[in-house]
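Novice: Below is a structure I'd like to ask you about.
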Amino acid sequence: MISLTESSAEYHANTAIGSSDIRDFIRSPQLFHDKRQGLVPEKETPAVILGMLTHLAILEEEKYLGSIAVKPDDISFATKIGKEWKELHADRTIITTADYAMIHMMRRRMPSQVKSLLCGGSSEVTVRNTLNGLSVQCRIDHWMRDQKQMSDLKTIGAIEDIEREIQKRGYHIQARWYQRI
């Protein structure tokens with residue numbers, strides 16, 4: 001099954017096994033089990049949120065712009081004005097001007113070769129299948145079906161550390177998982 005319209009929330013609510021589940025299982029079968037049972041909540045750290053927003057900004061700019069509110073530097077959430085501003089933007093992800101600028105810079109600095117890979121095709125494509133009797137899934141960042149090309153955006157600290165980052169973050173496991181599905 002291939003879906004071009006499934007939301008991220010719908011994808012994550014599905015019980016099919018994804019590449020993150022596989023990485024958890026490799027770390028610890030008990031961790032995999034506990035996460036599947038809801039005993040270990042997923043953490044939405046500032047870094048995870050920033051990564052998700054950068055991903056959205058690159059692949060779905062309109063959705064990104066509609067989902068954020070940039071907090072003015074001179075507003076404090078400890079003040080009445082700040083609390084009112086926060087309440088007014090409660091339906092959006094609030095980010096700092098520095099984070100907004102960093103996301104914009106990353107988009108601007110993306111090499112033209114990478115940008116060209118994201119032209120045409122579909123973004124945020126859900127694929128589900130059955131492997132060895134198990135329901136499995138993946139969410140492809142960008143897919144050009146006619147060219148048989150998948151692209152998946154990744155976060156790393158520094159390009160000179162790319163080999164270590166691939167191993168540390170399990171990107172090699174995810175790549176193979178996507179190929180199998």
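The values are calculated or read from the model by the stated rules, or taken from the named source; none is laboratory data. Fair warning: this is a prediction, and the values are worked out from it, not measured in the lab. Glycine gets a Cβ as well: all are built from the backbone with ideal geometry, and neighbour counts include every protein chain shown. Quick note on the areas: whole protein, heavy atoms, side chains included, nothing else; ligands and nucleic acids left out. Shrake-Rupley method; radii C 1.70, N 1.55, O 1.52, S 1.80 Å.
Novice: Name the lysines eligible as straight-distance cross-link partners of Lys43: C-alpha to C-alpha under 24 Å, and not fewer than 8 places from it in the same chain.
Specialist: Qualifying lysines at Cα under 24 Å: Lys35, Lys63, Lys71, Lys86, Lys154, Lys168.
Novice: Would you mind working out the magnitude of the charge dipole of the chain relative to its Cα centre, with +1 at each Lys and Arg C-beta and -1 at each Asp and Glu C-beta, to the nearest 20 Debye? The partial results should precede the final answer.
Specialist: On the way: 25 positive and 24 negative charges, 84 e Å.
The dipole magnitude comes to about 400 debye.
Novice: In whole percent, and with a 1.4 Å probe on the protein chains, what portion of the accessible area of the stretch 23-141 is carbon and sulfur? Before the final figure, lay out each step's value.
Specialist: On the way: 4450 of 7770 Å².
Ligands and nucleic acids excluded, carbon and sulfur reach 57 percent.
Novice: Oh, and also: About the Cα centre of the stretch 92-164, what is the dipole size in debye to 20, counting +1 per Lys and Arg Cβ and -1 per Asp and Glu Cβ, all else neutral? Spell out each step's value before the answer.
Specialist: Numbers: 11 positive and 8 negative charges, 48 e Å.
Magnitude of the dipole: close to 220 debye.
Novice: Then there's this: Evaluate the Debye formula for the stretch 91-162 with equal point scatterers sitting on the alpha carbons, no solvent, and hand back log10 of I(q)/I(0) at q = 0.12, 0.24, 0.25, 0.27 Å⁻¹, in q order, two decimals.
Specialist: Debye intensities relative to I(0), on a log10 scale: -0.52, -1.14, -1.16, -1.20.
Novice: A further question on this structure: Pull up the cross-link candidates among the aspartates and glutamates for Lys115, meaning alpha carbon to alpha carbon under 15 Å and not fewer than 8 places away within one chain.
Specialist: Correct list for Lys115: Glu60, Glu61, Asp141, Asp152.
Novice: Hey, if you put +1 on the Cβ of every Lys and Arg and -1 on every Asp and Glu Cβ in the chain, which of Cys119, Val136, Thr93 ends up farthest toward the positive end of that dipole?
Specialist: Ranked along the dipole, the leading option is Val136.
Novice: Can you give me the relative contact order of the stretch 21-86 as a percent, contacts being Cα pairs under 8 Å and 6 or more apart?
Specialist: Normalised by residue count, the contact order of the stretch 21-86 is 11 percent.
Novice: Please work out the C-alpha center-to-center distance from the stretch 86-103 to the stretch 154-181 and express it in whole Å.
Specialist: 28 Å
Novice: Students often check this: by mean Cβ neighbours within 10 Å, which of 137-143, 59-65 ranks highest, and how do the rest follow?
Specialist: Working: 137-143: 19.7, 59-65: 13.1.
Ranking, from highest mean packing down: 137-143, 59-65.
Novice: So, one more: Between Ser76 and Arg107, what is the FRET efficiency for a Förster distance of 35 Å, r being their Cβ-Cβ separation, to the nearest 0.05?
Specialist: On the way: r = 29 Å, r/R0 = 0.82.
Calculated value: 0.75.
Novice: Moving on. So how tilted is helix 46-59 from the main axis of the chain? Cα-based, degrees 0 to 90, rounded to 10.
Specialist: With both axes taken from Cα atoms, the answer is about 80 degrees.
Novice: Over the stretch 2-82, give the accessible area per residue in Å² for a 1.4 Å probe, as an integer. Write down the numbers at each step before the final one.
Specialist: Working: 5310 Å² over 81 residues.
For the stretch 2-82, the per-residue accessible area is 66 Å².
Novice: Let me ask something else about it. On alpha-carbon atoms, Rg over Rh for the chain using Kirkwood Rh? Intermediate values should be presented prior to the final figure.
Specialist: Values: Rg = 18.4 Å, Rh = 18.5 Å.
Taking Rg over the Kirkwood Rh, I get 0.99.
Novice: Take Lys80, Lys148 and sort them by solvent-accessible surface of the protein heavy atoms, 1.4 Å probe, largest at the top.
Specialist: Values: Lys80 150, Lys148 185 Å².
Ranked list, largest accessible area first: Lys148, Lys80.
Novice: Specify the angular offset, from 0 to 90 degrees and rounded to the nearest 10, of the alpha carbon long axis of helix 97-109 from the longest principal axis of the alpha carbons in the chain.
Specialist: 50 degrees
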